[in-house]
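The values are calculated or read from the model by the stated rules, or taken from the named source; none is laboratory data. The structure presented is a predicted model; accordingly, all values stated were derived computationally and were not measured. Glycine gets a Cβ as well: all are built from the backbone with ideal geometry, and neighbour counts include every protein chain shown. Accessible surface areas use protein heavy atoms only, side chains included; no ligands, DNA or RNA. Shrake-Rupley method; radii C 1.70, N 1.55, O 1.52, S 1.80 Å.
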Amino acid sequence: MAKKAPPQPGPEGAEKPAGKSKLKLIIVIVLALLLAIGGSVGATWFLLSKSMKKEEAPAAEEHAAPVKQAAIYEPLAPAFVVNFNYNGRQRYMQVTVALMARDQAALDALKVHMPVLRNNLVMLFSSQDFESLTSSVGKEMLRQKATASVQELAQKEVGKTVIEQVLFTNFVLQ
């Protein structure tokens, strides 16, 4: 077998181990990639934060608007009871109503007109078709009509729509 010849000594530093130069090249490439990725992430964050600040400015102005006051509920007692003649039989509807408002002073001003309000609601309830009230859509339509009726009265008597909603807290058909 042939023997390997020992490496010839040459000038100092003429022969470098191949592993060390490849390691340095890999480290330089990895550092360059990390700097590029870091730069792109930083630029993206900077641009997005700038655009988010522009979008938040109108939102901050919206929050500066007056906050809604707490809801005030005024139950109307006693419950409304109306009768219907449906298919030759006597039918009844009992509805307990609550008014939802946000301004106590305006609600107090509307309370002076409570007899007119109750009369309007009784007339509205008794003018309904019994069969339409058996569905949830019919009940919701009646609630919306009651809200419109009360708001119309409030606008006429107090000068503003005091009541935000009319709510049915009990609804019985028999």
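On the given criteria, is S136 open to solvent by 30 Å² or more (accessible area, probe 1.4 Å), closer than 17 Å to N83 by Cβ and among the small types (G, A, S)? So that I can check it myself, show each step before the final result.
On the way: open to solvent by 30 Å² or more (accessible area, probe 1.4 Å): yes; closer than 17 Å to N83 by Cβ: no; among the small types (G, A, S): yes.
Taking the combined requirement at face value, the residue does not satisfy it.
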Quick one: in region 150-171, of everything that is free of Cβ contacts under 8 Å to residues at least 60 places away in the same chain and crowded, with 18+ Cβ neighbours inside 10 Å, which residue is farthest from N85 (Cα to Cα)?
-> V158
Right, R143: without any contact (Cβ under 8 Å) to a residue 40 or more places away in the chain and over 33 Å from the mean Cα position of the chain (by Cα) or not?
-> no
How many residues are touching a Lys or Arg at 6+ places or on another chain (Cβ under 9 Å) and modelled with pLDDT of 90 or more when one looks only at region 144-163?
-> 1
Please tell me if Q174 is closer than 15 Å to L99 by Cβ, open to solvent by 80 Å² or more (accessible area, probe 1.4 Å), out of contact with any helix residue (DSSP H, G or I) (no Cβ under 6 Å at 6 or more places or on another chain) and not basic (K, R).
-> no
When you go through M141, M93, M123 one by one, which is the residue that is at pLDDT 90 or above, closer than 21 Å to F168 by Cβ and open to solvent by less than 90 Å² (accessible area, probe 1.4 Å)?
-> M93
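Residue-by-condition table, conditions (1) open to solvent by less than 100 Å² (accessible area, probe 1.4 Å); (2) charged (D, E, K, R); (3) modelled with pLDDT of 60 or more:
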{"residue": "P7", "(1), (2), (3)": "no, no, no"}
{"residue": "A14", "(1), (2), (3)": "yes, no, no"}
{"residue": "V28", "(1), (2), (3)": "yes, no, yes"}
{"residue": "G39", "(1), (2), (3)": "yes, no, yes"}
{"residue": "G42", "(1), (2), (3)": "yes, no, yes"}
{"residue": "W45", "(1), (2), (3)": "no, no, yes"}
{"residue": "A57", "(1), (2), (3)": "yes, no, no"}
{"residue": "A64", "(1), (2), (3)": "yes, no, no"}
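Is it the case that some residue within region 111-118 is open to solvent by 80 Å² or more (accessible area, probe 1.4 Å), at pLDDT 90 or above and under 17 Å from A77 (Cα atoms)?
Yes - at least one qualifying residue is present in region 111-118.
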